[in-house]
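The values are calculated or read from the model by the stated rules, or taken from the named source; none is laboratory data. If you're wondering where the values come from, they're calculated on a predicted model, not measured in any experiment. Glycine also receives a Cβ, built like all others from the backbone with ideal geometry; neighbour counts cover every protein chain displayed.
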Amino acid sequence: MADLQWNRDFALEQTSDDEEVLAELLEIFRESAVADLQKIKNASETGDAKSVGEAAHSMKGASASLGIEGIRAVAYEIEKAGKNGSLAVARAQLPLLEALVSQLDTMK
């Protein structure tokens with residue numbers, strides 16, 4: 001199973017140890033990650049490498065700010081490939097990214 005590799009301490013530090021703010025940020029990230037994942041899927045299916053790269057970039061940045069290394073690393077690989085005009089990496093990594101995004105509901 002894919003591992004989120006979440007550094008909760010880092011994420012909490014970003015919120016000045018405010019658990020409530022962290023919970024709100026995680027909810028916002030869950031929603032944006034699902035939306036970005038759908039954008040990556042759609043763009044991959046239509047052959048739009050640029051849009052794949054843009055959506056992966058968005059996901060990469062948001063996951064990095066919350067210390068979610070598993071998603072950040074996969075999104076970074078997809079972003080690089082998309083910006084280079086390749087869809088092969090996105091298509092190959094989509095199942096892993098989907099598995100990681102599905103685990104976001106378990107984070108607290």
### Query
Quick check, is Glu31 surrounded by fewer than 13 Cβ atoms within 10 Å (Cβ to Cβ), within 19 Å of Val74 (Cβ to Cβ) and not small (Gly, Ala, Ser)?
yes
### Message
Here is a check on your reading of the model: is Asp105 in a helix (DSSP H, G or I), at pLDDT below 95 and under 23 Å from Asp3 (Cβ atoms)?
### Response
yes
### Query
Are there any pairs with C-beta distances below 8 angstrom linking a residue in the range 2-25 that is free of Cβ contacts under 8 Å to residues at least 40 places away in the same chain to a residue that is loosely packed, with under 12 Cβ neighbours inside 10 Å, with the two at least 6 apart or on different chains, and if so which?
Leu12/Glu19
### Query
Under the condition of being touching a residue at least 40 places away in the same chain (Cβ under 8 Å) and surrounded by 17 or more Cβ atoms within 10 Å (Cβ to Cβ), which residue from the range 83-93 is nearest to His57 (Cα to Cα)?
Ala90
### Task
Would you tally the residues in the range 47-69 being buried (at least 19 other Cβ atoms within 10 Å of the Cβ), of a type outside the set (A, V, I, L, M, F, W, C) and under 25 Å from Gln14 (Cβ atoms)?
2
### Task
Kindly indicate whether Ala11 is surrounded by 18 or more Cβ atoms within 10 Å (Cβ to Cβ) and either over 12 Å from the mean Cα position of the chain (by Cα) or at positive phi (or both).
yes
### Query
Looking at (1) in contact (Cβ under 8 Å) with a residue 40 or more places away in the chain; (2) closer than 17 Å to Leu100 by Cβ, which is the only condition Glu31 fails?
(1)
